[in-house]
Amino acid sequence: MLYGHRNDIEGYAKALEEFDSYIHEIIETMKDDDILVITADHGCDPTTQGTDHSREYVPLLIGGKKIQPRNIGTVKGFNYVGETVIKLLTE
């Protein structure tokens, strides 16, 4: 809301870089059963004209010591995130 909706390209890039700088620290402190989920509820490209939501696709990154890396491709519907979290918590 601070950068994409404001068309602040520089602020958007700096916020992503700052977030990225903490990922290593977060991963190092995770316990064996912890699961990290990174996603968004919508896209908002700061380089597009206007300030409305601009993309239909959002990132979905799921990690943890027991998570096997794989590319799930493009999934249809945000409900996939909830269903995946439920599955991970009940396994």
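If I filter the range 65-91 down to residues being polar (S, T, N, Q) and open to solvent by 50 Å² or more (accessible area, probe 1.4 Å), which single residue comes out as farthest from the chain's Cα centre (by Cα)?
Checking each candidate, the answer is 90.
Can you name the residue in the range 38-64 that is among the small types (Gly, Ala, Ser) and under 12 Å from the mean Cα position of the chain (by Cα) and, of all such residues, is modelled with the lowest pLDDT?
43
Among the residues of the range 1-19 satisfying the criterion of being open to solvent by less than 100 Å² (accessible area, probe 1.4 Å) and under 17 Å from the mean Cα position of the chain (by Cα), which is nearest to residue 49 (Cα to Cα)?
Within the range 1-19, the match that is nearest to residue 49 (Cα to Cα) is 4.
Pick from 38, 62, 26: which is out of contact with any Ser or Thr (no Cβ under 9 Å at 6 or more places or on another chain), open to solvent by 50 Å² or more (accessible area, probe 1.4 Å) and hydrophobic (A, V, I, L, M, F, W, C)?
26
For the range 2-46, how many residues meet the condition of being in a loop (DSSP other than H, G, I, E, B) and touching a residue at least 40 places away in the same chain (Cβ under 8 Å)?
Summing the residues that are in a loop (DSSP other than H, G, I, E, B) and touching a residue at least 40 places away in the same chain (Cβ under 8 Å) in the range 2-46 gives 9.
Would you mind telling me which numbered condition in (1) at pLDDT below 95; (2) over 13 Å from the mean Cα position of the chain (by Cα); (3) under 23 Å from residue 62 (Cβ atoms); (4) not small (Gly, Ala, Ser) residue 29 fails?
Only one criterion is unmet by residue 29, namely (1).
The values are calculated or read from the model by the stated rules, or taken from the named source; none is laboratory data. Keep in mind it's a predicted model, so treat the numbers as computed, not measured. A quick note on method: Cβ atoms are made from the backbone with ideal geometry, for glycine too, and the neighbour counts reach across all protein chains shown. The protein model used for the area step is the full one, side chains on, heavy atoms only, and it has no ligands, DNA or RNA in it. Shrake-Rupley method; radii C 1.70, N 1.55, O 1.52, S 1.80 Å.
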